[in-house]
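Student: Take this structure first; my questions come after.
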Amino acid sequence: MNNSKNLTLKSTVSISDSQASSELLGETVILELQSGVYYGLNETGSLIWQLLTEGKTLEEIQSVFLEQYEVEPEPCARFIIQLVEELAAKGLVEIENEAVV
């Protein structure tokens, strides 16, 4: 289920049920409920988290970043994928399936 090696912008990602999150001074604090470990996301990570909680796809998240920031598509995609892989490894998001192209 959390096979992040195949994660692409077309992957379906959802927020895990075993977490609780809150925004605090422009950053996001996430509690992984099973382990009791807290994680923090900076402003950029918080935007990705917020968009994931709204059900946005990784492609839609990339579009938001390309519209709001001066960033190239490839590095942007790599950043989003890397963060989502880290969140998945910590049990904060689930990679549900791979979209069929």
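Student: Answer yes if at least one residue in the range 73-88 is touching a helix residue (DSSP H, G or I) at 6+ places or on another chain (Cβ under 8 Å) and of a type in the set (Asp, Glu), and no otherwise.
Tutor: yes
Student: Kindly list the number of the only condition in (1) closer than 16 Å to residue 10 by Cβ; (2) in contact (Cβ under 8 Å) with a residue 24 or more places away in the chain that fails for residue 56.
Tutor: (2)
Student: Oh, and also: Condition check: modelled with pLDDT of 95 or more and of a type in the set (S, T, N, Q). Does residue 11 satisfy that? Break it down stepwise before answering.
Tutor: Numbers: modelled with pLDDT of 95 or more: no; of a type in the set (S, T, N, Q): yes.
Answer is no for this residue.
Student: Can you name every one of the helices (runs of 4 or more DSSP H) wholly within the range 1-89 that holds 1 or more residues which are more than 15 Å from the chain's Cα centre (by Cα) and on the phi < 0 side of the Ramachandran plot? Step through it out loud before you land on a result.
Tutor: Numbers: elements: 43-53, 58-68, 73-89.
In the range 1-89, the matching helices (runs of 4 or more DSSP H) lie at 58-68, 73-89.
The values are calculated or read from the model by the stated rules, or taken from the named source; none is laboratory data. Not measured: the values here are computed from a predicted model. Note that we place each Cβ from the backbone using ideal geometry, even for glycine, and neighbour counts take in every protein chain shown.
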